Amino acid sequence: ACKITGCLFTTFAIGSILSTAVVALDRFFAIIYCLKYSTWNTSLYGGGALFVLWITAGVFGLTPLIGWSDIRFDVNRFMCLITWYDSLSYAILNCILCFFAPLMIMIVCYVKIIIVAHEHVRQIQDTNNYIMRNSPESSHIIGLIVVFALCWTPYLYVNIAEMINLGIPSGVLTASTWLILVNSCINPFSYAISSKRFRFAARKLLS
């Protein structure tokens, strides 16, 4: 039961991270390449992205069952988790593919979106009113990146610190884990606030 819980926790956590990167890519193409985007089969591309996303999450979440790293109950975090220090290759790939790569995708995509938005602003005659109407959009985008980094960086740091035998207070271990859980919980609300398309899709799904 402990190993299954640890696998599911990791799979869903990584799935949450990769989902934020996929959303960033979708926004990037929808805004930067809007004319081409309107002709794409978004269901096909979206389904393919979700397939790759969950396969990747499943690989990192389930392979400890066959010996790539291990799963143990962590008394400081009150749950079963994958132990990074049991496999250096697992830890390195996890850091790169499941944290740094999604973070860089988010930064590059959203920065490009903001730059293009401001270029369009300069082409609009009533610039001041336009900025007032759209300034929250840029702040929300920046907020998404900041919240993601603030919630996941402590967890990453703690796991690396444990690998090199640095003493980490139990409270920090607990807080770092709960931060990533909080991030997963607030993501839907964050995207609902920052994206009209997301709100429309959510209402359509719930109706």
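A short reminder: the numbers here are calculations on the coordinates, not readings from a lab. Everything quoted here is computed from the prediction, not taken from an experiment.
Per-residue Karplus couplings for segment 18-25, computed as 6.51 cos²θ - 1.76 cosθ + 1.60 with θ equal to phi - 60°, are listed in order as 5, 4, 5, 5, 5, 4, 4, 5 Hz, Gly and Pro entered as x. For segment 59-111, the pair-distance distribution built from all alpha carbon pairs, in bins 5 Å wide starting at 0, is 4, 19, 22, 18, 16, 10, 7, 3, 0 percent.
Between amide H atoms placed 1.01 Å from N, distances below 5 Å from residue 83 occur with 70, 71, 72, all of them 5 or more places distant or on a separate chain.
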